[in-house]
Amino acid sequence: MNEPKNMQKVIERVLKRITPSKKEVENVESLCKKIMEVAKSFENKYNFIPMFCGSVAKGTWIPPAEIDLFLIFPENLSREELEKRGLEAGKKICKKLKAKFEKKYTEHAYLHCFVPWKGKLYEMDIVPCYHITPDKIKSAVDRTPWHVKYVVQHLKEEQKNDVRLLKKFCKAHGIYGADILHKGFSGYLCELLIIKFGSFEKLVKEASNWYPQVLLYIEKLPEKNIIEQFKESPLVFIDPVDEKRNVAAALSFESFFKFVKACKEFLKNPSEKFFFPKEKSFSVQKLREILRKRDSKFYILMFPSLDVHEDILASQLRKLAKFMKRKLTNYGFSIHKTEYFILKDKFGILIEAEVWKLPKVMKRIGPEIMSKHAKEFLKHYASKKAWIEDGFWVIEDEREFQTIEEFIKKMFSGSCKKLKEKGIPSYIAKQGKKLMLYTGDSELIKLACGNEEFRKWLTKYFEENFNIFSIL
């Protein structure tokens, strides 16, 4: 009977910590006024319309504020000219604001800036885009101004705090952001979910019963052929400004189930820990106990950090983890799981093996005895011993690799070019010669003892459970 009261108390305490103060709001509003004033001084020269987008424009931001300034250009401009004018105008705006900036890329270049204001540095992105309807967009950012207009029109004032709660809830569980690293809930998706369900509490209750595939929409249900395009997505939320788009397209099954499970747990036992979690770190004794019980073998492939966007690195590490699992399985090893990690100064993958050592001898099953390919098979393996097994030809062969360690060392030997030819993703291939390989329990323990960040990641590896029915 006290659960709703308990939840409300938790929500009130969380909101006190994540809602911007009156002074913070005033500072951001005065800064935005100044930025717009500066941007407008260049709009005629470069022929753009300046517009604030993102959470600041929609009033759903959580401190510290991150500002998005979009420079909207006519649609008849070429991509090259859009980028050129956008960057040139952006640099002029930064200079007038005395802001430092760096060029970054998504589909095209934009500026990431650090604007000094009233003793603080505020982060701001200056993004060029086209003035174009959502059904004719030339790049993903062209939709953003339409998204802002929709949210501003449909999100009630009292729901803005619900959006903040949802964003913080997702951030706490590592599932906020539609980027490759998180594959989670975008800010826009969070806003639409609150518009759809009315409040954070109502959404959590609804989502606690979700199981793929979940189909949501606000305006109208699109044609069946449009919905069928999204059959690989756990959650489909039809974009109210473009019915051919799934707002939740970036959401992975892992992030989906993390969210559902977190909702179930929060409903059962509301607590601030769902918004401000403490990272767990197992003791050495606990790690030893876990490793002894598992009786598997671990391989850590670690590399020094690279100056590359985290999204790109995450994508390549994910590919490497899948690639290594597939290759090792093809060579006869049994792989329990592969995972990747990105630390402050290192990155790599973990391989947990159930079978890591194999005999030199192996059997290779060939075609059926009466198959037209049987003679060619026997000729190809003329130097090998052959026998018949259940109507198939079988030959006795030798393994190329008896241990996983042999395979890893062979795979990462050679130049960067050779590594790429073997299938190692490009940025990881660049670091191939700097590979640090740790094998077995003792080396894993030693590594965890010397790197607290890695130990926390390892703790999460052992603890993470996506089973939504495991709530006690």
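The values are calculated or read from the model by the stated rules, or taken from the named source; none is laboratory data. It should be emphasised that the depicted structure is a prediction, and the values quoted were computed from it without experimental measurement. We place every Cβ from the backbone using ideal geometry, glycine too, and count neighbours over all the protein chains shown.
Structure summary
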| read-out | value |
| --- | --- |
| Conditions (1) under 23 Å from residue 53 (Cβ atoms); (2) among the charged types (D, E, K, R); (3) part of a helix (DSSP H, G or I); number of the one not met by residue 201 | (1) |
| Residue, surrounded by the most Cβ atoms within 10 Å (Cβ to Cβ), within region 412-437, restricted to residues that are outside any helix (DSSP H, G or I) and of a type in the set (A, V, I, L, M) | 424 |
| Hits in region 176-188 - residues which are within 20 Å of residue 147 (Cβ to Cβ) and either without any contact (Cβ under 8 Å) to a residue 60 or more places away in the chain or assigned to a loop (DSSP other than H, G, I, E, B) (or both) | 176, 177, 178, 179, 182, 183, 184, 186, 188 |
| Out of 200, 230, 253, sole residue that is hydrophobic (A, V, I, L, M, F, W, C) and modelled with pLDDT under 95 | 230 |
| Flag if residue 121 is closer than 21 Å to residue 250 by Cα and free of Cβ contacts under 8 Å to residues at least 40 places away in the same chain | no |
| Some residue of region 154-161 being surrounded by 21 or more Cβ atoms within 10 Å (Cβ to Cβ), within 18 Å of residue 12 (Cα to Cα) and of a type in the set (Lys, Arg) | no |
| Any hit, region 357-368, residues being assigned by the TED database to the domain that holds residue 452 and acidic (Asp, Glu) | no |
| Selected residue (only one of 372, 319, 293, 379 is surrounded by 14 or more Cβ atoms within 10 Å (Cβ to Cβ) and outside any strand (DSSP E or B)) | 319 |
| Test: residue in region 252-271 that is among the acidic types (Asp, Glu) and either touching a Lys or Arg at 6+ places or on another chain (Cβ under 9 Å) or in a strand (DSSP E or B) (or both) | yes |
| All positions within region 325-341 that are in contact (Cβ under 8 Å) with a residue 60 or more places away in the chain and surrounded by 15 or more Cβ atoms within 10 Å (Cβ to Cβ) | 327, 328, 331, 333, 339, 341 |
| Matching entry among 118, 58, 96 (being over 30 Å from residue 156 (Cβ atoms) and modelled with pLDDT of 95 or more) | 96 |
| Subset of region 438-456 [touching a Phe, Trp or Tyr at 6+ places or on another chain (Cβ under 7 Å) and either among the β-branched types (Val, Ile, Thr) or outside any helix (DSSP H, G or I) (or both)] | 439 |
| Matching residues in region 92-114 - criterion: being over 12 Å from residue 46 (Cα atoms) and of a type in the set (D, E, K, R) | 95, 96, 98, 100, 102, 103, 104, 107 |
| Matching helices (runs of 4 or more DSSP H) fully within region 1-108 where at least 2 residues are touching a residue at least 60 places away in the same chain (Cβ under 8 Å) and in contact with a Pro (Cβ under 6 Å, 6 or more places away or on another chain) | 3-18 |
| Any hit, region 120-127, residues being touching a Pro at 6+ places or on another chain (Cβ under 9 Å) and surrounded by 19 or more Cβ atoms within 10 Å (Cβ to Cβ) | yes |
| Criterion (out of contact with any Asp or Glu (no Cβ under 7 Å at 6 or more places or on another chain) and outside the structural domain of residue 127 (by the TED database)) met by exactly one of 186, 199 | 186 |
| Matching entry among 273, 258, 268 (being surrounded by 17 or more Cβ atoms within 10 Å (Cβ to Cβ), within 26 Å of residue 460 (Cα to Cα) and either in contact with a Pro (Cβ under 9 Å, 6 or more places away or on another chain) or not assigned by the TED database to the domain that holds residue 311 (or both)) | 258 |
| Residue 138 touching an Asp or Glu at 6+ places or on another chain (Cβ under 9 Å), outside any strand (DSSP E or B) and surrounded by fewer than 20 Cβ atoms within 10 Å (Cβ to Cβ) | yes |
| Residues of region 42-99 that turn out to be within 25 Å of residue 188 (Cβ to Cβ) and either of a type in the set (S, T, N, Q) or in the same structural domain as residue 195 (by the TED database) (or both), as a count | 2 |
| Positions within region 67-81 being of a type outside the set (A, V, I, L, M), out of contact with any Ser or Thr (no Cβ under 7 Å at 6 or more places or on another chain) and surrounded by 20 or more Cβ atoms within 10 Å (Cβ to Cβ), in sequence order | 68, 73 |
| Subset of region 202-219 [under 17 Å from residue 258 (Cα atoms) and not β-branched (Val, Ile, Thr)] | 203, 205, 206, 207, 208, 209, 210, 211, 212, 213 |
| Options 418, 385; residue that is farther than 30 Å from residue 210 by Cβ, over 30 Å from the mean Cα position of the chain (by Cα) and at pLDDT 95 or above | 385 |
| Subset of region 342-355 [of a type in the set (A, V, I, L, M) and crowded, with 16+ Cβ neighbours inside 10 Å] | 349, 350, 351, 353 |
